[in-house]
Amino acid sequence: MDQNTFFWVLARVAGLSCFAALSISLLTGVALRSALFEGLASNRAVRSTHEFTALLWAPLGLVHVLSLTLDEAARIGLLDLVIPFRVPYGTLAMGLGTIALDLYLLVAVTGWLRRSMDTRWWQWIHRLAYPAYLVSFLHAVLGGTDFSLPVVTALAWTTAAALAVLSVARMVWGRVS
Ligand code: HEM
């Protein structure tokens, strides 16, 4: 295996793991605050899983994007990780990846600054995790190699559907404060 292939495989593995961590983080996050599962709000295992995966995605996402910048065949520069739609191929798919990364970073950084922020502002910024998930999902569907494998597709769509159902349930039954 040559160097570029190694970084390409690493980027794909890290991208999929990052997406899995984000999916678990969002699912447990919605469940924690939904009145439908009131008992879960005080469940320490669910809370710990949410907090752990809310951190875990960051190093995995970092490995994903850094491997791509080291893979010369991918032609992705550091600026492409911040400014969307600059990559000369798969421009839409790659641009969505950049937007997702920027949004997740905003949610994560403000997540740590919660105590020093106005609660309403903080909540609205934290809710950006939902559009970020949708954008990263589209990024992976449009740009990924392994995302079209039946097992990955089945898992990804099942998770997205579960998230949609939980979000609607939270809107209908309300949230626990
Ligand atoms: C947190 C944000 C991101 C997440 C969660 C994410 C996740 C993913 C996932 C799940 C895949 C599919 C992997 C596969 O099918 O094997 C993928 C592919 C890819 N991503 Fe990202 N990504 C993010 C940000 C970015 C950024 C900022 C870029 C660069 C501009 C990027 C470039 C790519 C490329 C080039 C591929 C295709 C790799 C291949 O050939 O399969 N991603 N990403």
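Every number in this text was worked out from the coordinates using simple rules, so none of it is lab data. Computed from a predicted structure; not experimentally measured. For neighbour counting, all protein chains shown are included, and Cβ atoms are generated from backbone atoms with ideal geometry for every residue, glycine included.
For the range 63-90: of the residues being near the ligand (Cβ under 9 Å from one of its atoms) and in contact (Cβ under 8 Å) with a residue 60 or more places away in the chain, which is surrounded by the most Cβ atoms within 10 Å (Cβ to Cβ)? If we take residues in the range 63-90 being near the ligand (Cβ under 9 Å from one of its atoms) and in contact (Cβ under 8 Å) with a residue 60 or more places away in the chain, then Leu68 is surrounded by the most Cβ atoms within 10 Å (Cβ to Cβ).
Where helices (runs of 4 or more DSSP H) sit wholly within the range 65-177, those with at least 1 residues that are more than 23 Å from Leu32 (Cβ to Cβ) occupy 91-112, 129-143, 150-173. Given the structure, is Ser34 buried (at least 18 other Cβ atoms within 10 Å of the Cβ), closer than 19 Å to Phe147 by Cα and in contact (Cβ under 8 Å) with a residue 40 or more places away in the chain? For Ser34, the condition - buried (at least 18 other Cβ atoms within 10 Å of the Cβ), closer than 19 Å to Phe147 by Cα and in contact (Cβ under 8 Å) with a residue 40 or more places away in the chain - is not met. Looking only at residues of the range 14-25 that are of a type in the set (A, V, I, L, M) and touching a Ser or Thr at 6+ places or on another chain (Cβ under 9 Å), we find that the one that is surrounded by the most Cβ atoms within 10 Å (Cβ to Cβ) is Leu22.
When the range 91-118 is filtered for residues that are free of Cβ contacts under 8 Å to residues at least 24 places away in the same chain, β-branched (Val, Ile, Thr) and surrounded by 14 or more Cβ atoms within 10 Å (Cβ to Cβ), the ones remaining, listed by number, are Thr98, Thr110.
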